[in-house]
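No lab work stands behind these numbers, since they all come straight from the coordinates. Please read these numbers as outputs of a predicted model, since none were measured by experiment. All Cβ positions, glycine included, derive from the backbone under ideal geometry; neighbour counts span all protein chains shown.
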């Protein structure tokens, strides 16, 4: 009788460990970063903290082995996140959380080259103007179509610079 009880307990333990393994595998699979949904989950895990906010990716741009995602949260926040491909997965490298009505600008390095990104989740805009100042010299203003609320990502003019981004809606209202 004792052998049957031990065998039954052992079988139950194996079933429990198997179920845990399947659950852990499914959880890991959900955070692979290869799909927009899984990147939103990775972003939520990184930024939600105690708030439990969910994140939705609104715009993405791929450059080399990187995906740059613009997202908004259920708590009226916005973020730009950078994911890097590693085999068939994408790893979250960086993400900055901002108010949803804030113009987000950030610098990043892609394969050793400096890039500047800008994104605005606040309202629908028609275009953006990006201006750079390289020490001692103001560069020409660069104009970008933003009707699709896309992420602006361009090579930076130098390793050291300052940037200003302004977005304009169809009524001429300016967002900085």
| message | Taking each pair of distinct Cα atoms in region 31-175 once, what is the resulting Kirkwood hydrodynamic radius in Å? | response | 15.8
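Could you sort the peptides 95-103, 166-174 by per-residue average Cβ neighbour count (10 Å cutoff), highest mean leading?
On the way: 95-103: 15.4, 166-174: 12.9.
So the peptides 95-103, 166-174, ranked by packing, come out 95-103, 166-174.
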| query | In cubic angstrom, how much convex hull volume per residue do the alpha carbon atoms of region 86-165 span? | reply | 112
